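Written out below as structure tokens is the structure these notes cover.
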Amino acid sequence: MRGLAQVFFLVLLYLGKVKVTAACIECSSLNNVTVTEKTIRVQLNDNFTITSVTFQNKSDVGLPEKDLISNLYPGFQYIVHFNNTSKSCCKYIFTKPSPVHSIHAENITNTTLNLSWKNDDKNASSYTYQIVVDVPGDLHNKSSNKLSEPITNLQPGKSYRFKIYPQVDGGKTKGNPNETVVHTKPSPVSSIHANHLNSTSIILTWTNEDVNALTYIYKILEKGPDFHNDMFSNTGNTIVSNLQPGTLYSFEIAAQINGTNITGDTQEISLYTKPSPVYDIKAENISTTSLDLSWKNKDPNASNYTYRIRIDGHIPSIRPFSFPSSNTYVSISHLEPGRFYKFEIFAQVNGNKTEGDPNGTTVYTKPSSVFNITVKDVSTTMVNISWESPDAAASTYSYRILINGTPNKTSPTTSTEISELNPGTNYQFSIYSIAADNKTKGTPENITHWTNPASVDRFDCNLVEKEPQLSLNWSHPNGSYDGFRIEVLNNNWNKTLEKKYQTIVTGLDYFTTYTIRIVTLSYKKMSVPQEKKCRTSITDPPPLLVSPTVKATSHNSFSVQFNSFSSSHGPITAYAVIITTSEGTVSNETLKYTYTDFRSKETNTYVAYIKTEENRSSSSTKNQDYVVEIGNESKTYGYLNGKLDPLGSYRARVAAFTRIVFLNETIVNPEKSYVAFSDLSPSIALPQNPAVITGGVVGSILVLLVILTIVGFIFWKKKRKGRNNEVPFTQIEPKKSKLLKVENYESYFKKQKADSNCGFAEEYEDLRPVGANQPKFAAELSENKGKNRYNNVLPYDISRVKLSVQNNPTDDYINANYMPGYNSKKEFIAAQGPLPNTVQDFWRMIWEKKIYTVVMLTKCVEQGRTKCEEYWPNKQSKNYGDIMVAMTSEIFLPEWTIRDFSVQQSDSPESHPVRQFHFTAWPDHGVPETTDLLISFRHLVHEFMKQKPSSSPTLVHCSAGVGRTGTFIAIDRLIQQMEMENTVDVYGSVYDLRMHRSLMVQTEDQYVFLNHCVMDIIKSKKEKKMDLIYQNTDAMAIYENFTPSSPYIGRANGYHV
């Protein structure tokens, strides 16, 4: 009831139905007022008392209790009246509004919210409200005249305290506050990214720009095909594992204030996990330009995959290949042969947007087959094979060569040499390319080739005695062969034989040189020919059917004129004139009988005269007439051409010889001679002896002949001064000598050696002019000057070597002299080293003078200067004019080289060996470093010389043919002199050599060296009881380099060069 009364009262109050008092004056001194929702307390002073309390409409409220007014309404304005003894006044006072209640925050976002509240006061509709927003570090107010208010401009994820004060009186009177705490939502995350770690894991990353973001946690909702899963993260990323490859997943991410359930708005991302890499990749059916790729994928979702193939390599257009997921294989074409390719296969899902990690394989395509294979023979055991490759990658290839299916070699280029083949053999060569991986092979291409057959190693050609035939035999060639073909190049004879090794060439001419060629045959191929120049045998000359002509010339002589015999059976080497008094036939035995036998009545037939022929060849067709005087008492060989009997009756017959052999160089050996006879001449009767007349005439003639002979001799002597004739060695003036006993030589040596070899120097000075004035006409002829190596080293006419004259009278000249050795006057020939234009003359001298031993004491080039032409052949035989020379062996030793040659003249079937001893340790104009070196070399040469005929001279040469050459010859003489006579004469030996060739032993050093050699030999013999030159030589073979232990002790005495 009371409540209703109050409401009614208020109504009446506001409607003015209640009586009010008059307006009052404001109390200015009463300011200490305390109000609550229902009370007003005024601290009274100045004797004021409260007289009445009214509402704003002047209606009376009731009397206060002294200074306290109670039972009031919250938030109403009251008029309190005061008075004292002097005056009356009043004061307008509001009670506090009641606190709000039921505060509620709604529509909370990250930056806004709506606050609402309630107030049950009767006057609440007239209230305003102060909202104090309290956030750490910030405080601000907001007013509202409603029971709700939107709050904006908040910060996300922060805790806010909101205090709400009800207000009246324009905010001058506030009620007590009520409050609430509210969190704004965190902002949604942004920049969500999902990165694949692998096919079953991803990493999610995001950002949040809120100031308070560090205090957030993040809630992740994983939504798979048939499940959900919550996860939390304290950071802006998380790794999600144990996913299925190639599967669609969604992830919702929301920020949440840690320790609360306040969560921001979610953000979502959807993605497919990466498919698993493929495996078991196979490249098959690889060809030069294509291949097939296959692979596997074990993912549950693999049936939904597609695949991308990336090709890295040479291809016309590099592009990825895609194809439906049902295919786990593909054929790839348009590749290049022999190239490296890398294939990477990517599994794809989500319309090719999500791609798994690649797996791959590398492959070389097969190289193309080679083409244009060419095989060229290099030798019988070696071929050169070349080929071509069409591929652009060919420069990276190597090539395998197979022989008859067996690998032989690998070549980095498109050509190679194959050696150690079998001559004359069929080979199949297979070649295939190998790519740069050294594994991938192309298809082989084949070629069949027969190697050249080998030439026969030995080919001998021998004449058949007295037959126009040649006997051939040869050795088995190396390798395979079918047979041989023999041809006579200057004859129509030829023959093919199957594996026979000898034959007889028939149908030839006598004494004719033929070139025989033999080739080995194998599969229509022929070897390099072997050729041999062979000459057929001679035989008895064909008979001369014309009888000789005889004509009396005196009572005891007559002339026999006859024509030359045919030389078709060989050159006619001699004629014999046979005289007989009978008419019977003649036999070969007749050739044994002499004039003496005829006079002793042992026979009526004898040989009166032998005429030898010079240089008449078998090819000569020119007839020649011969006239022989019978009875002139001349003597040829063992036959006397004795006087005939006056009035005697004689006949003549001529015997011609293609071969004439003498018994003891006197009488013809009829069994071994090849002879034919002419017919018997008509008989001739000699006249009577006109003794008296003939005696006077003969006397006169004899006187005249003597005069003519004297005049002729004087004339000949005058012309001799300008001619180039050989002078007998007896014209050389006798040599001088300083002959010493061996046991006295040491004291002589010490004496001459004193004062830096003063004594030897004097001796050498004495020898300088020896022989210098002897004539050298032949060497000084203009035609011969170009044949001399040095203008000051010319051969003396008296001892020069003369060659046979061929086309020009000066053809006999060569710069060489016969030199006396210990055993004979012509034991040596000293010669200059050949010039390019005298090499043929050099070999002609070796052939004509039957030289078997050549000693060379110089190198061909010394100190950059040519000292001697290399006058010998190396591997192949070589012709020097009509002399053919072939090297048969060559042995190199430290100080010398030994070479063997076979020498043959083109028109002679015979050949003879020549051995060259080449000493290479002798400096020009100097001496060897040790005496024992040259002594050993001389012994080597001397041992060989003893095996050859004594009539064969040893040829010694250096460059000029005087210095080293003279020293070597002198050492040989001196050693033999000491051995045979126990004497030594160095001076006399050099003197003798210089009388036969100028400048022999050219320098003083060489002369002193000779004396040192003698001294070292004598010392060795004295100290070791044996000759130095025979030390350790028992085991020394002819090709061994012997080095005696005794050193050359004198080389520091001023003469060693």
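Each reported figure results from applying straightforward, stated rules to the coordinates on display, with no laboratory input. What you see is a predicted model, and the numbers here were worked out from it, not measured in a lab. Cβ sites come from the backbone with ideal geometry, for glycine too, and all protein chains shown count toward neighbours.
Under the definition of Cα pairs under 8 Å and six or more residues apart, what whole-number percent is the relative contact order of the chain? The partial results should precede the final answer.
Working: 2467 pairs, mean separation 50.4, N = 1057.
Here the relative contact order equals 5 percent.
For the chain, what does -39500 (n - 2.57) per DSSP helix run (n ≥ 4), summed and divided by total residues, give at 222 nm, in deg cm²/dmol to the nearest 500?
Details: 11 runs with 157 residues, N = 1057.
The helix contribution divided over the chain gives -5000 deg cm²/dmol.
Take each peptide in 632-643, 58-69, count the other Cβ atoms within 10 Å of every residue, and average; sorted highest first, the result is 632-643, 58-69.
Once backbone amide H atoms are built at 1.01 Å from N, Tyr341 has Val363, Tyr364, Thr365 as its partners under 5 Å, excluding neighbours fewer than 5 places away on the same chain.
Restricting the calculation to Cα atoms, every distinct pair contributes to the Kirkwood radius of the stretch 741-1026, found to be 19.5 Å. Straight Cα distances below 27 angstrom link Lys441 to the lysines Lys282, Lys342, Lys366, Lys376, Lys409, with same-chain residues fewer than 8 positions distant left out.
Counting every C-alpha pair in the stretch 190-273, the share spaced more than 19 angstrom apart comes to 34%. With unit charges on the beta carbon (Lys/Arg positive, Asp/Glu negative), name the residue among Leu933, Val990, Pro809 whose Cα is farthest towards the positive pole of the charge dipole of the stretch 741-1026. Farthest towards the positive pole: Leu933.
Measuring from centroid to centroid over Cα atoms, what is the spacing of the stretch 624-697 and the stretch 91-167 in Å? Distance between centres, Cα-based: 181 Å. Per the Kirkwood formula applied to alpha carbons, the stretch 459-523 shows a radius of gyration over Rh ratio, Rg over Rh, of 0.98. Its Cα gyration tensor gives the stretch 102-183 an equivalent ellipsoid. The semi-axes, each the square root of 5 times an eigenvalue, are 23, 13, 10 Å from largest down.
Which trypsin sites (Lys or Arg not before Pro) does the stretch 840-908 hold that lie in a coil by DSSP with at most 10 other beta carbons within 10 Å?
Numbers: sites: Arg844, Lys849, Lys850, Lys859, Arg865, Lys867, Lys875, Lys878, Arg899; in loops: Lys849, Lys850, Lys859, Lys867, Lys875.
Hits after loop and neighbour filter: Lys875.
Scanning residues 5 or more positions from Glu862 or on other chains, those with amide H under 5 Å from its amide H are Lys867, with H placed 1.01 Å from N in the peptide plane.
Averaging 1/r over every pair of different alpha carbons in the stretch 400-453 and inverting the result gives a Kirkwood radius of 11.9 Å. Taking the longest Cα principal axis of the chain as reference, the axis of helix 931-945 is set at about 60 degrees. Among the GluC sites (Glu not before Pro) in the stretch 528-613, those located in a DSSP loop and surrounded by at most 16 other Cβ atoms within 10 Å of their own Cβ are Glu583, Glu602.
Among the cysteines of the chain, those whose beta-carbon sits 4.7 Å or more from every other cysteine beta-carbon are Cys758, Cys860, Cys868, Cys958, Cys1013. Against the main long axis of the alpha-carbon atoms of the chain, helix 691-720 sits at an angle near 30°. Sequence-ordered 3J(HN,Hα) estimates for the stretch 51-62 from the Karplus curve with 6.51, -1.76 and 1.60 and θ = phi - 60° stand at 9, 6, 10, 10, 6, 5, 8, 6, 6, 7, 9, x Hz, glycine and proline given as x. Dimensions of the chain based on its C-alpha atoms, expressed as ranges along the principal axes with the largest first, amount to 240, 82, 53 Å. Summing charges over neighbours of Ile257, with a neighbour being any other residue whose Cβ is under 15 Å away from its Cβ, gives +1 when K and R count +1 and D and E count -1.
Backbone geometry of the stretch 748-763 corresponds, through the Karplus equation with coefficients 6.51, -1.76 and 1.60 at θ = phi - 60°, to 3J(HN,Hα) couplings of 4, 4, 5, 5, 5, 7, 4, 6, 6, 6, 4, x, 5, 4, 5, 4 Hz, x marking Gly and Pro. Computed 3J(HN,Hα) for the stretch 629-637, one whole-Hz value per residue from the Karplus formula 6.51 cos²θ - 1.76 cosθ + 1.60 where θ = phi - 60°, is 8, 9, x, 8, 6, 6, 10, 10, 6, glycine and proline marked x. Taking the longest Cα principal axis of the chain as reference, the axis of helix 963-981 is set at about 60 degrees. For the stretch 279-364, the direction-averaged projected area of the alpha-carbon convex hull comes to 5.2 nm².
From the cross-link list Lys466/Lys500; Lys58/Lys174; Lys185/Lys219; Lys38/Lys58; Lys785/Lys875; Lys551/Lys672, which pairs have alpha carbons spaced over 22 Å apart?
Details: Lys466/Lys500 25 Å; Lys58/Lys174 24 Å; Lys185/Lys219 14 Å; Lys38/Lys58 19 Å; Lys785/Lys875 33 Å; Lys551/Lys672 33 Å.
Pairs exceeding the cut-off: Lys466/Lys500; Lys58/Lys174; Lys785/Lys875; Lys551/Lys672.
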